[in-house]
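Contents: one structure, followed by commentary.
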Amino acid sequence: MTVGLVEPQARVDVSKMPRHVAIIMDGNGRWAAERGLPRAEGHRAGVEALRRTLRSVGDLRIPYLTIYSFSSENWSRPESEVSELMALLRRFIRNDLAEIHSNNVRIRIIGSRNGLDPQILSLLREAEELTQDNDGQTLVVAFNYGARNEIITAIQGLAARVASGQVKPADIDERLVSDALDTAGIPEPDLLIRTGGEQRLSNFLLWQCAYTEFVFLPLHWPDFDRAALIGAICEYQARERRFGSLAARSNE
Ligand code: IPE
Ligand code: IPE
Ligand code: MG
């Protein structure tokens, strides 16, 4: 079963849609530099690309979208760029939260809340609380997120439960670890898209991407659009996921 959406040649199979798409929105700075603009302009254009993506993911009825908006390592950028990114996040929540809520989308934020500016913290809380009963799609925002830190925090939680006798070391299994991560209850990504041309994870969802299909796109995030999303989904649909087993039609 196929459905033509934008370009006649870009056809997605609606029976094989990814349940969860994760995106590393990279390349804002280079997009701006190529146009002789300050990096901040690239981040602003990146917010527009995010808005387009939310609409496309909504139209395609993809149940979970995770976006990497700010990594725990991004604090090492110049202070002016960090404040610009924080201002954009605040503006995005203020301007777009009502529409996201009216689309029945639930927002979940993953990443560390330690040491965050109180204004940002309360906006994040507002976004989660306002949308917590929405049962349509889920938008997972990775903010101040680093997968190693997420795993360390999970290990600390499990170690505390072992120390108090609630859990035996031998009882720690994949389920317990998954449930101790920020992404507890969220299915693992089927498809991870990274724009900007780099082919690395940059500390994103290390545990959760064990069997995720990766699509790396050469275009910068501000240029990402519905056609690029559909192209990535088509590539995902052409892959064979084996999960360590044999090909579906293998006779050997
Ligand atoms: C992604 O674009 C946005 C964030 C990391 C917040 P970059 O700012 O990393 O853009 P490049 O990779 O320098 O082009
Ligand atoms: C990853 O991009 C983080 C986000 C997109 C938020 P980076 O630009 O920070 O990654 P590196 O530094 O190229 O690995
Ligand atoms: Mg980058």
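The values are calculated or read from the model by the stated rules, or taken from the named source; none is laboratory data. Since this is a predicted model, take the numbers as computed values, not measurements. Positions of Cβ are backbone-derived with ideal geometry, glycine not excepted, and every protein chain shown enters the neighbour counts.
You will find that of Val177, Val215, the residue that is surrounded by 13 or more Cβ atoms within 10 Å (Cβ to Cβ), touching a helix residue (DSSP H, G or I) at 6+ places or on another chain (Cβ under 9 Å) and assigned to a strand (DSSP E or B) is Val215 and no other.
Evaluation of Ser80 against the conditions (1) surrounded by fewer than 19 Cβ atoms within 10 Å (Cβ to Cβ); (2) in contact (Cβ under 8 Å) with a residue 60 or more places away in the chain shows that the sole unmet condition is (2). Listed conditions (1) part of a loop (DSSP other than H, G, I, E, B); (2) within 12 Å of ligand 1 (Cβ to nearest atom) are all met by Ala40, apart from (1). Pairs linking a residue in region 173-202 that is under 21 Å from Val57 (Cβ atoms) and of a type in the set (Val, Ile, Thr) to a residue that is part of a loop (DSSP other than H, G, I, E, B) and away from ligand 3 (no atom under 16 Å from the Cβ), with Cβ atoms under 9 Å and 6 or more positions apart or on different chains, are Thr183/Leu205; Thr183/Trp207; Thr183/Gln208; Ile186/Gln208. Please tell me if Leu97 is modelled with pLDDT of 95 or more, within 14 Å of ligand 2 (Cβ to nearest atom) and not aromatic (Phe, Trp, Tyr). For Leu97, the condition - modelled with pLDDT of 95 or more, within 14 Å of ligand 2 (Cβ to nearest atom) and not aromatic (Phe, Trp, Tyr) - is not met. Name, by its number, the condition in (1) part of a helix (DSSP H, G or I); (2) within 14 Å of ligand 2 (Cβ to nearest atom) that does not hold for Ser83. It is condition (2) that Ser83 fails. Counting the residues of region 113-151 that are among the polar types (S, T, N, Q), touching a residue at least 40 places away in the same chain (Cβ under 8 Å) and outside any helix (DSSP H, G or I) gives 3.
Checking each residue in region 92-112 for being more than 17 Å from Ala142 (Cβ to Cβ) and free of Cβ contacts under 8 Å to residues at least 40 places away in the same chain picks out Arg94, Asn95, Leu97, Ala98, Glu99, His101, Ser102, Asn104.
Just one of (1) at pLDDT below 95; (2) under 18 Å from Phe143 (Cα atoms) trips up Thr2, so point out which. Among (1) at pLDDT below 95; (2) under 18 Å from Phe143 (Cα atoms), Thr2 violates only (2). May I ask you to verify whether Val162 is surrounded by 12 or more Cβ atoms within 10 Å (Cβ to Cβ) and touching a Phe, Trp or Tyr at 6+ places or on another chain (Cβ under 8 Å)? No.
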